[in-house]
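Here is the structure we will look at.
Rule-based calculations on the coordinates, nothing more; no lab input. Keep in mind it's a predicted model, so treat the numbers as computed, not measured. Cβ placement follows ideal geometry from the backbone for every residue including glycine, while neighbour counts extend to all protein chains displayed.
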């Protein structure tokens, strides 16, 4: 009997109990990633006085964290394609939890920076592997919708962190240890943010390795064993693959060579195919668009609370940049803007609810429109909203517009990456996603430094540069292959 394409097997098995288990695990891990990354903005505000973090130190800390991710992101993508998705997810999640736990007890800025950089190193292993692992249990037709549902975990995390921060604020935790060192609210917040990661580690022990990964490294028996397990989980204990007419499986575009290199040489030669032929075009277009989307979606998010703290000190109907310029000329000191308060946390919760609302809208639109069309609409809408910052004056309106300016590109990220996932074969997929995340981290790093050093000198230029960037991202997205091409290519996605 001829081997059956694994995509046809997933169509037979449908979206059942096994997929739900994998999906829930990935959602919990995505929530943990967001707790660590976006939650850092709340922690930096809360710890600003104790660790003496000003705008420049904040910019450098964020830049160093993302630079660590840039350095190691591609290595984890290579490792995922080499030793397996599940091993990388499990090991990097454990190491992220341990390093984050230690960072909560650092007594001063520089030791805190070092530990957060270590967190950045390992958390990128979770980020670059997560979507790859999930996509390899889902049929190609369902991937866009499932990837969008995973994004909901980002919104849940953006509610979880500020709500916990508010609870801790009213608890007024202060346990003196020695001299000026004490266990305070922001340290406890880091520990509470670890909870989804700990749950994720427990769940990872209950789910199998990707059968597509096994096929990509020519371990057909292991792939069949996982698929058999999925079959019984989805269809019942009495149903086997053989009863469905499946004796052997395969997938298109398998690697047809054995690795002859070691160490970093192997990493280089394994990555080169991504930048040849048709894949080069896909990588360039996706890299440029995600660089901009990451920079706007994550880079500006980190600055929301600090900008809010500064702008709320000035009374008067002015545009955002006039408010910020006015604050620079006033006597506002660091001590006045380094405590968590109800107003700032409500802004974070509103941002989270806006994120969830936009994701729900995307879920609905996916029933009628293609991913590329949705990406174009939301990217152009984001550029339009950014332009409004040049005109709107009321404080509440400014915050609403600024949040939408961030949320729209943030919600587009997973859809853009999912297109690349569908375009590259299994043995290159994790490395491709790792390269995209690497470029995205560079986007966050540069946007953070860009805002930190230009906001006080050329505020209008700062935000309008992001507007221009979103227009460029829209052009790159327009040049990506259509959904019809992806679904009907001769060698359909592995």
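Here are some notes:
- Gain on full stretching of the segment that runs from residue 172 to residue 8 - 0.36 nm per residue minus C-alpha separation: 53.4 nm
- Nearest-0.05 FRET efficiency for residue 181 and residue 368, computed from C-beta distance (R0 45 Å): 0.20
- In nm, spacing of pseudo-spin labels at residue 446 and residue 228 (7 Å Cα→C-beta vector): 5.1
- Ellipticity at 222 nm from helices only: DSSP H runs of n ≥ 4 in the chain, each -39500 (n - 2.57), divided by the residue count, give -23500 deg cm²/dmol.
- Which of 8, 322, 81 has the fewest Cβ neighbours within 10 Å, and the rest in rising order: 8, 322, 81
- Taking every alpha-carbon pair under 8 Å whose residues sit at least 6 apart, the chain reaches a relative contact order of 27 percent.
- Here the residues 36, 222, ranked from fewest to most Cβ neighbours within 10 Å of their Cβ, fall in the order 222, 36.
- Label zone at residue 284, where the point sits 7 Å out along the Cα-to-Cβ direction: segment 435-476 residues whose backbone N lies under 16 Å: 473, 475-476
- Label point at residue 239 placed 7 Å out along Cα→Cβ; residues across segment 1-29 whose backbone nitrogen lies under 19 Å: 4-23
- Theoretical gain in end-to-end length, residue 101 to residue 114 [0.36 nm per residue, Cα-Cα removed]: 3.4 nm
- Under 14 Å from the residue 456 label point (7 Å along Cα→beta-carbon), backbone N, segment 58-89: 58-60
- Annotation: the residues 10, 110, sorted from fewest to most other C-beta atoms within 10 Å of their own C-beta, follow the order 110, 10.
- Relative contact order, whole percent, for segment 361-494 stands at 39, derived from Cα pairs under 8 Å and 6 or more residues apart.
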